[in-house]
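*Asks:* Sending over a structure as structure tokens; questions will come in a sec.
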């Protein structure tokens with residue numbers, strides 16, 4: 001029993017490292033080669049976990065080989081456009097000026113219902129509002145609305161607005177998020193002084209968000225209120 005547990009832990013760490021090396025993507029964003037590699041990894045890892053008689057290296061070596069193949073494949077797709085188009089395909093325009101392209105829909109094996117559902121997920125409920133709709137290589141739909149269907153911007157209205165500032169998670173459950181602080185030009189000293197000014201301790205904070213312009217929002221722990 002302990003042998004199975006140890007083998008499971010080792011394989012879990014190996015697969016986690018492999019997936020980390022291949023990059024962070026959700027399942028819906030996986031390219032063809034990445035999806036194939038992910039499925040093979042799960043299948044390969046299951047065998048040595050269940051069969052004690054199979055050497056552990058019998059699972060780790062194929063995992064390492066698949067990672068090398070995937071990284072090599074990713075390099076080749078970046079370096080050579082022909083290989084990229086062969087492995088990942090290319091974006092395809094499915095709607096132009098409010099009219100679906102039947103040939104492209106057939107090639108993608110996509111029904112009209114699938115198309116309209118994808119448009120609704122983009123908050124588009126009238127296909128006539130669409131200038132272009134493009135199915136990307138990861139299967140996601142990108143939509144460009146007609147100018148008449150787009151909400152007016154501040155530039156259109158001639159309104160001057162201040163430059164945007166990203167709001168980051170500075171403190172999470174009493175723990176500092178240093179990478180987020182660097183993103184807005186803060187350091188630990190400024191964070192501490194901000195909390196001190198409010199009469200708070202780090203451990204009192206459940207969530208704190210901040211912006212580069214100094215605006216911050218703090219949510220306290222329930223036991224600190």
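*Asks:* For residue 93 and residue 165 in the same chain, what is the full-extension length gain: residue separation times 0.36 nm, less their Cα-Cα distance, in nm? Kindly include the intermediate steps, with their values, before the conclusion.
*Replies:* Details: separation 72, 0.36 × 72 = 25.92 nm, distance 3.41 nm.
Stretched out fully, the residue 93 to residue 165 stretch lengthens by 22.5 nm.
*Asks:* For the stretch 70-148, count all C-alpha to C-alpha pairs, find those more than 18 Å apart, and express that count as a whole percent of the total.
*Replies:* Numbers: 1385 of 3081 pairs.
Above the 18 Å cut-off, the stretch 70-148 has 45 percent of its Cα pairs.
*Asks:* Quick check on the exposure proxy: order 223, 114, 204 from fewest to most C-beta atoms within 10 angstrom. Don't skip to the answer; put the middle values down first.
*Replies:* Details: 223 8, 114 14, 204 17.
Listed from fewest to most nearby Cβ atoms, that is 223, 114, 204.
*Asks:* Would any residue of the stretch 145-178 have its amide N under 20 Å from a label point 7 Å out along Cα→Cβ of residue 201? List them or say none.
*Replies:* Only 171-177 fall inside the zone, counting backbone N under 20 Å.
*Asks:* Shifting gears a bit: Kirkwood Rh, the stretch 64-108, all Cα pairs: how many Å? All intermediate terms of the calculation are to be shown ahead of the outcome.
*Replies:* Values: mean 1/r = 0.0792 Å⁻¹.
For the stretch 64-108, inverting the mean 1/r across all distinct Cα pairs yields 12.6 Å.
*Asks:* Could you list, bin by bin from short to long, the percent of Cα-Cα pairs of the stretch 184-225 in 5 Å steps?
*Replies:* 6, 21, 36, 23, 10, 3, 0
*Asks:* Let me ask something else. Calculate, for residue 131 and residue 79, the FRET efficiency according to 1/(1 + (r/R0)^6) with r their C-beta to C-beta distance and R0 30 Å; round to the nearest 0.05.
*Replies:* Step by step, r from the Cβ atoms, then E = 0.35.
*Asks:* What order do you get for 141-150, 64-73 when each peptide is scored by the mean count of other beta carbon atoms within 10 Å, highest first?
*Replies:* On the way: 141-150: 13.2, 64-73: 15.9.
Going by the mean number of other Cβ atoms within 10 Å, highest first, we get 64-73, 141-150.
*Asks:* How much length is gained if the chain between residue 190 and residue 146 is pulled fully straight, taking 0.36 nm per residue apart and subtracting their Cα-Cα distance, in nm to one decimal? Could the numbers behind the result be given before it?
*Replies:* Working: separation 44, 0.36 × 44 = 15.84 nm, distance 4.59 nm.
Value of the extension gain: 11.3 nm.
*Asks:* Show me the ranking of peptides 78-88, 38-48 by mean Cβ neighbours inside 10 Å, starting with the highest. Don't skip to the end; give the middle numbers.
*Replies:* On the way: 78-88: 12.5, 38-48: 16.1.
Result, highest mean Cβ count within 10 Å first: 38-48, 78-88.
*Asks:* With the convex hull built on the Cα atoms of the chain, state its orientation-averaged projected area in nm².
*Replies:* Working: hull surface 83.0 nm².
Averaged projected hull area, Cα only: 20.7 nm².
The numbers here are math on the coordinates, done by the rules we state, and not lab data. Everything quoted here is computed from the prediction, not taken from an experiment. Glycine gets a Cβ as well: all are built from the backbone with ideal geometry, and neighbour counts include every protein chain shown.
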